[in-house]
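The structure appears right after this line, and notes come after that.
The values are calculated or read from the model by the stated rules, or taken from the named source; none is laboratory data. Just so you know, these numbers come straight off a predicted model, no measurement behind them. Glycine gets a Cβ as well: all are built from the backbone with ideal geometry, and neighbour counts include every protein chain shown.
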Amino acid sequence: MTTNEELTCQEFVELVTDYLENALLSDKIEQIEEHLADCPGCDAYLGQVRQSIGLLRHLSSQPVLPATKQELLQVFRNWKQS
């Protein structure tokens, strides 16, 4: 894909993690930023991904009681089996 080609929303979604991790070449970053400037849906999606990452970082720093952890693991196991 050359820099003259427009990025689709699906391509943006597939690249969003690499974009946030600064793991893309400059021409791809330019395409993403041009797409974001013209696509409010993808801009909102990027905001949601950033917010989710922030919340997960916050949650990972919170202590989890052993009983709560075991209960959540059991719920997950039951869900996977159904």
> Within the bounds of the stretch 40-49, is there any residue that is exposed (fewer than 11 other Cβ atoms within 10 Å of the Cβ) and not in a helix (DSSP H, G or I)?
Replying inline: no
> Do we find a residue being touching a helix residue (DSSP H, G or I) at 6+ places or on another chain (Cβ under 7 Å), aliphatic (A, V, I, L, M) and modelled with pLDDT of 90 or more anywhere in the stretch 1-11?
Replying inline: yes
>> Looking for something over 12 Å from the mean Cα position of the chain (by Cα) and surrounded by 10 or more Cβ atoms within 10 Å (Cβ to Cβ) - is there at least one such residue anywhere in the stretch 59-66?
In response: yes
> What tally of residues in the stretch 32-64 results from selecting those that are under 17 Å from Glu14 (Cα atoms) and aliphatic (A, V, I, L, M)?
Replying inline: 6
> Would it be correct to say that Leu24 is among the aliphatic types (A, V, I, L, M) and outside any helix (DSSP H, G or I)?
Replying inline: yes
>> Out of the residues in the stretch 37-53 meeting the condition of being touching a residue at least 24 places away in the same chain (Cβ under 8 Å) and not β-branched (Val, Ile, Thr), tell me which one is nearest to Glu5 (Cα to Cα).
In response: Cys39
